[in-house]
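Have a look at the structure below, then the notes.
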Amino acid sequence: MTGTPTAGAPAAPAQPTQPASPAGKPENDDRWNKAIRDIMGGPVVISILAVVLALVVGAILIAITDPGVQKAAGYFFARPGDTFSAIWTSVSNAYVSMFQGAIYNFRRPTFAAGIRPLTETLSFATPLIVSGLGVALAFRVGLFNIGGQGQILIAAAASAWVGFSWNLPPVIHLVLAVVAGIAGGAIWAGIVGVLKARTGAHEVIVTIMLNYIAFYLVAYMLRTQGLLQAPGSNNPKAPAIHPNAVFPPLFGDQYNVTWAFVVVVGATVLVWWLINRSSLGFRFRAVGENPNAARVAGINVKNIYVYAMLIAGGLVGIAGASQALGVFPQGISSGVDAGIGFDAITVALLGRSRPWGVFIAGLLFGALKAGGFTIQAANDIPIDIVLVMQSLIVLFVAAPPLVRAIFRLPTPGSAPRRPRPVVTKEVEAK
């Protein structure tokens, strides 16, 4: 009578069963599948694939414009292998040159010389990252700050004036010059915040107009003795910065990267803490998500607009200070912004307005800038192709459905497609 339960004996506890989904699959499997779908269709993967697509299109443009490929394509049907070989040679040489110009040059005799391209990337990325943080912070509040050019110009002018007109001890002079740049950028962007809060003026129009005002104002000061023009000179250029106010090199005089990069890393950490850990950052995010709901919850939306633009302008002002005190210590000119204000919009978009995403995007665009010159010099490829690649990155990042359609990625939050049952004619007849 073994194996049969006796009367009155307690029944064996039922084994726990895993809940099943309506489709008959375990619920845990559905959770994993949903998580994988959210990751594969999420913003991080979209940004990475946007860069990949831009590199692929860039490779096509490089191959099309290469004279060797064009020559081999003339007798493609006779010897197609020559065309494919020419394409491979052209594209591989271009991207190897980009790597050697942006990361590491294996042709250099020493490691110190070979790593110089990486320091060039960091140097190009320094103003891009911090100005991108300023644009991204405004994005998180629902403001479109495209006034980076004007904010950089005003900040650079303020930093340069403190840098060449004052004579202070080394560390104090540099700190005050940087603070002057931050204040200049914050004030110039704060004008936008005040007009937005008090009059409802659209920040896009105001920032565009302030860009023009800043450009011509700085150009005027650079042509006027007693303001920014170097004494005894007729050129629209400021005097050289005092050595005590110049950003010192980070890894030695043989590299161009300065301590401004360390300031940018600190600014990235500060912005991350501000947005994700502070009460002010919570109000920023609340206003950015829904200003009407934030207003009902008791948040002063108008003040938030002013605070956000002040902080965003101050971040962009660090970029202006790094340009004046690190890149152009011999004296700034009207081209000190170097297009960084508009590139910052691209960096913020690629970084999805997240501080560390902006940091990585700034490094990527710094590498593209550093490697673009090497491509042009080593392979006689127009640097415009690198600019096209940057534009394509923005295009693909701004169009996630296009990237998902190309790579057949799922949409986050959507249910997986279930296969349609195969119905035979016999079943249909029944």
Placing each pseudo-label 7 Å from Cα in the direction of the beta carbon, residue 179 and residue 402 end up separated by a distance in nanometres of 4.7 nm
With a 1.4 Å probe and all protein chains in place, put 322, 333 in order of accessible area, largest first. 333, 322
Hey, can you rank 369-382, 116-129 by average C-beta count inside 10 Å, highest first? 116-129, 369-382
Using the Cα centre of the chain as origin and beta-carbon charges of +1 (Lys, Arg) and -1 (Asp, Glu), tell me which of 298, 341, 385 is placed farthest towards the positive end of the dipole. 298
Heads up, I need the accessible area for residue 269: 1.4 angstrom probe, whole protein in place, Å², nearest 10. 70 Å²
For the range 349-404, what % of the accessible area comes from carbon and sulfur atoms, probe 1.4 Å? 70 percent
Keeping every protein chain present and rolling a 1.4 Å probe, give me the accessible area per residue for the chain in Å². 53 Å²
Cα→Cβ-extended label distance, 7 Å offset, between residue 301 and residue 278, nm: 2.3 nm
Span-like helix ranges in the chain, DSSP H, alpha carbon extent 27 angstrom or more, Kyte mean at least -1.0: 43-65, 80-102, 116-140, 170-199, 203-222, 301-322, 355-379
Cα gyration tensor shape for the chain, rounded if a/c is under 1.5, else prolate or oblate: oblate
How much of residue 287 can a 1.4 Å solvent probe reach, expressed as accessible area in Å² and rounded to 10? 0 Å²
Could you tell me the calculated FRET efficiency between residue 394 and residue 85, based on Cβ-Cβ distance and R0 = 41 angstrom, to the nearest 0.05? 0.80
Solvent-accessible surface ranking, highest first, for 261, 365, 342, 84 at 1.4 angstrom: 84, 342, 261, 365
Largest-first ranking of 218, 204 by accessible area, probe 1.4 Å, whole protein assembly kept, is 204, 218
If you take the beta carbon distance between residue 262 and residue 78 as r and set R0 to 51 Å, what does 1/(1 + (r/R0)^6) give as a FRET efficiency, to the nearest 0.05? 0.30
Relative contact order (%) - the range 258-417, alpha-carbon pairs under 8 angstrom, separation at least six: 14 percent
What is the gain in length, in nm to one decimal, between residue 99 and residue 253 on full extension, counting 0.36 nm per residue of separation less the C-alpha to C-alpha distance? 53.1 nm
Could you tell me how far the Cα centroid of the range 144-204 sits from the Cα centroid of the range 79-132, in Å? 34 Å
5 Å is the cut-off here: which amide hydrogens, built 1.01 Å from N in the peptide plane, fall below it relative to residue 258, excluding neighbours closer than 5 in sequence? 250
Cα gyration tensor of the range 167-252, axes a ≥ b ≥ c as square roots of the eigenvalues: rounded (a/c below 1.5), prolate (a/b > b/c) or oblate? oblate
So for the range 78-162, using the alpha carbon gyration tensor with a ≥ b ≥ c as root eigenvalues (a/c under 1.5 gives rounded; past that, a/b versus b/c decides prolate or oblate), I'd call it oblate
Roll a 1.4 Å probe over the protein heavy atoms and report the accessible area of residue 223 in Å², nearest 10. 150 Å²
Could you list which residues have their amide H under 5 Å from that of residue 229, counting only those 5 or more apart in sequence or on another chain, with H placed in the peptide plane? 224
Average projected area [Cα convex hull, the range 231-291], square nanometres: 8.3 nm²
Answer in debye to the nearest 20: the dipole magnitude of the chain about its Cα centre, from +1 Lys/Arg and -1 Asp/Glu charges placed on Cβ, is 880 debye
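The values are calculated or read from the model by the stated rules, or taken from the named source; none is laboratory data. Quick caveat, the model's predicted, so the values are computed rather than measured. Because the Cβ atoms are built from the backbone with ideal geometry, glycine has one as well, and the counts that use them run over all protein chains shown. Areas reflect the complete protein model, heavy atoms only, side chains present, ligands, DNA and RNA absent. Shrake-Rupley method; radii C 1.70, N 1.55, O 1.52, S 1.80 Å.
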